[in-house]
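To keep things clear, I will list the structure first and then write my remarks on it.
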Amino acid sequence: SITAEGRAALQQSLRTEPQPPELHKNFLIQLAWAESLSDEAVLDLLEAYAREIEGRLQLLEGQAARGQNTPARSRRERYLWRRIADNLMAAYRTELEWARQTQQALRERNY
């Protein structure tokens with residue numbers, strides 16, 4: 001259980017200014033320096049990345065379908081946790097789409 005002091009600290013942290021998402025992606029740094037690799041090697045990297053993203057997306061979708069990791073002490077809490085899951089899944093879907101589009105452009109030499 002949480003102490004009164006702990007509850008007060010939690011309330012204070014919940015009222016702080018929201019921070020934008022951190023967009024540091026190691027794969028983008030890797031890709032930025034991939035000029036020395038062959039097209040096939042870059043495509044392989046993109047495929048491995050897409051598979052990893054797809055796996056994580058499938059995991060999140062499965063958890064959401066089963067209601068895992070979703071506290072439900074109230075309707076609002078359940079709703080907020082579903083929206084958090086939706087946000088994460090949307091980010092992975094966008095990332096997967098980006099990887100597939102990048103692969104396609106490289107295959108077609110459309111750059």
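Please treat every number below as a calculation from the coordinates, not as lab data. Model, not experiment: these values are computed from the prediction. Ideal geometry is used to build each Cβ from the backbone, glycine not excepted, and the neighbour counts take in all protein chains shown.
Which residue fluctuates most in the GNM of the chain (Cα springs below 10 Å): 93, 83, 15?
Top of the fluctuation ranking is 15.
Suppose only helical runs count, i.e. DSSP H with n ≥ 4. What mean residue ellipticity at 222 nm does that imply for the chain under -39500 (n - 2.57) per run, divided by all residues and rounded to the nearest 500 deg cm²/dmol?
It comes out at -24500 deg cm²/dmol, rounded to the nearest 500.
Considering only DSSP states other than H, G, I, E and B, which chymotrypsin sites (Phe, Trp or Tyr not before Pro) in the stretch 1-103 qualify as loop sites with at most 16 other Cβ atoms within 10 Å?
33
Going through the stretch 33-111, which GluC sites (Glu not before Pro) have at most 13 other Cβ atoms within 10 Å and a DSSP loop state?
Of the GluC sites (Glu not before Pro), the ones in loops of the stretch 33-111 whose Cβ has at most 13 other Cβ atoms within 10 Å are 108.
Round to a whole angstrom and tell me the spacing of the C-alpha centers of the stretch 9-72 and the stretch 76-96.
12 Å
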